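To start, the structure itself, in structure tokens.
The values are calculated or read from the model by the stated rules, or taken from the named source; none is laboratory data. Just so you know, these numbers come straight off a predicted model, no measurement behind them. Note: ideal-geometry Cβ built from the backbone for every residue, glycine included; neighbour counts use all protein chains shown.
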Amino acid sequence: MKQLAYLLLLASFIFTSCKVQQPAGLALHAKESMLDKAAFAPAHVGISVYDPAENKYLYNYQEGKYFVPASNTKLFTCYAAMKNLKDSLVAFEYLPGEENMAVRFTGDPTFLHPDFKQQPAFTFLRENAPNLTFITPNWNAASFGRGWAWDDFDADYMPERSPMPIYGNLVRFERKGNGLNIIPRAFKDSLTIFSSMESGNFTITRDKTDNHFEVVQRNRKFTTTDIPFTVKKSIEDVSLNLLEDTLNRVLHFASGVDNSNATWKKFYSQPTDSLLKILMHRSDNFFAEQTLLMVANEKIGVMDDYQIIDTLLKTDFAGIPHKPKWVDGSGLSRYNMMTPQDFVWVLTQMKKEFSWDRIKEILPTGDDGTLAGLYKNYAGKIYAKTGTLSNHVALSGYITTNSGRTLIFSVLVNAHQTTASDVRKSIEQFITGIIEKY
């Protein structure tokens, strides 16, 4: 009997020793890796870790409180796009005619964008250029989102939104000898040079309300620069003129068509996921904003960010645990307010409704995209979206632990007073610890 008892005790010990560490240790791990560090003392932090297989949260910390999520907002936009956009993007809608074709743009940001070498929409328009009339798009949105920083108007990460994007709504300035190469070329006469460019120590600025650019001397070397152009109030003002210059044709414009009941056909451009991948890997604000507006055009028939967000919250996002304050597609606005559990819910729905292979293709993994330099030994173990604004850092996504569990997480940090890099490193320590131990 004593021998049997000894064997049972030994077996129990071996079984216990071989068990994967249980989630009870997550609270301590969160404290050691993040919460008790001096850098986090002034910050507001929210954390949720969820096991979809067991349908339960493994760890929550201020999970129901609202945070400014920065570019984690793009997860909302991405999910909305995956649900509401087809396999390919709608470049424009058109009405064929014997002598004339009406064309109405639908917000596709890939049109003549340098990231997309193949341009079927442009080829179609070029082949039909003599017989085209461009119609006022179904547009009811402002150039900038609510809560955007006005003084970032000339920053390459904040191009204006528009119903007819072209060239990414950016002007590219490249060094060419002692001069500049300007793309699109239509802006070459909009540049004023106030200093010598021979030394290469200069920069380019733009007027706030006009497409007037200036070369100004600076104590730093000039590098290739992208500056947003202002699209003004109508596609006639800038976008159509740029297309006219590119096609080298005179184009026609009309406010509408005679037959209001006509059935518009759709011309498709790029695969939807080719846009979403760049959007998430580069955290591209312009692509995110235009994607949300394309969802609006498909779902409610008008490019209106306010209306589509309201509609999405009442339909596709109706089950979200805490109603968010959602105001834009990119997360540029500090008016956005969301909880960690909101992001866990969105990611859970995404995983339920779409293939894992598709999700892995869209989201960056370790040392990839906006995760470059982080999670270097964890490629394939993490797929996540970053978020960064001044004093705010976020990360939400999926991890596969060494024991084979797929977990969904969200970490939101607001009002930190250290560097974003320090915060990201602590989050990395928290997440990799979960991968290793659970």
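Listing for the model above:
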| quantity | calculated |
| --- | --- |
| Qualifying residues in the range 343-353 (those that are touching a helix residue (DSSP H, G or I) at 6+ places or on another chain (Cβ under 8 Å) and among the aliphatic types (A, V, I, L, M)) - the one surrounded by the fewest Cβ atoms within 10 Å (Cβ to Cβ) | 350 |
| Evaluation of residue 182 against (1) touching a residue at least 12 places away in the same chain (Cβ under 8 Å); (2) in contact with a helix residue (DSSP H, G or I) (Cβ under 6 Å, 6 or more places away or on another chain) (one fails), failing number | (1) |
| The range 371-403: number of residues that are hydroxyl-bearing (Ser, Thr, Tyr), in a strand (DSSP E or B) and either surrounded by fewer than 15 Cβ atoms within 10 Å (Cβ to Cβ) or under 14 Å from the mean Cα position of the chain (by Cα) (or both) | 3 |
| Residue identified as closer than 14 Å to residue 431 by Cα and of a type in the set (Phe, Trp, Tyr) among 378, 335 | 378 |
| Residue, farthest from residue 346 (Cα to Cα), within the range 404-414, restricted to residues that are under 22 Å from the mean Cα position of the chain (by Cα) and of a type outside the set (Ser, Thr, Tyr) | 414 |
| Residue in the range 69-88 that is in contact with a strand residue (DSSP E or B) (Cβ under 8 Å, 6 or more places away or on another chain), assigned to a strand (DSSP E or B) and not assigned by TED's automatic domain parsing to the domain that holds residue 312 present | yes |
| Among the residues listed as 134, 92, the single one being touching a Leu at 6+ places or on another chain (Cβ under 7 Å), in a strand (DSSP E or B) and either at pLDDT 95 or above or not assigned by TED's automatic domain parsing to the domain that holds residue 363 (or both) | 134 |
| Residues of the range 191-201 that turn out to be loosely packed, with under 14 Cβ neighbours inside 10 Å and either of a type outside the set (Gly, Ala, Ser) or part of a strand (DSSP E or B) (or both), as a count | 3 |
| Candidates 305, 328 - the one that is more than 15 Å from residue 79 (Cα to Cα), of a type in the set (D, E, K, R), outside the structural domain of residue 159 (by TED's automatic domain parsing) and buried (at least 18 other Cβ atoms within 10 Å of the Cβ) | 305 |
| Tally of residues being touching an Asp or Glu at 6+ places or on another chain (Cβ under 6 Å) and surrounded by fewer than 24 Cβ atoms within 10 Å (Cβ to Cβ) across the range 41-84 | 3 |
| Some residue of the range 168-189 being at pLDDT below 90 and among the aliphatic types (A, V, I, L, M) | no |
| Residue satisfying all of: in the range 136-190; of a type in the set (Phe, Trp, Tyr) and under 15 Å from residue 291 (Cα atoms); surrounded by the most Cβ atoms within 10 Å (Cβ to Cβ) among these | 139 |
| Conditions (1) part of a loop (DSSP other than H, G, I, E, B); (2) surrounded by 23 or more Cβ atoms within 10 Å (Cβ to Cβ); (3) in contact with a strand residue (DSSP E or B) (Cβ under 8 Å, 6 or more places away or on another chain); number of the one not met by residue 125 | (1) |
| Residue within the range 162-169 that is assigned to a helix (DSSP H, G or I) and over 20 Å from residue 279 (Cβ atoms) present | no |
| Residues satisfying the stated conditions in the range 93-133, i.e. within 21 Å of the chain's Cα centre (by Cα) and farther than 14 Å from residue 169 by Cβ | 106, 116, 117 |
| Top-ranked residue of the range 207-255 - restricted to ones that are part of a helix (DSSP H, G or I) and touching a Pro at 6+ places or on another chain (Cβ under 9 Å), ranked as surrounded by the fewest Cβ atoms within 10 Å (Cβ to Cβ) | 245 |
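A quick yes/no check of all residues on (1) closer than 21 Å to residue 384 by Cα; (2) surrounded by 14 or more Cβ atoms within 10 Å (Cβ to Cβ); (3) hydrophobic (A, V, I, L, M, F, W, C):
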residue: 321; (1), (2), (3): yes, yes, no
residue: 341; (1), (2), (3): yes, yes, no
residue: 355; (1), (2), (3): yes, no, no
residue: 359; (1), (2), (3): yes, yes, yes
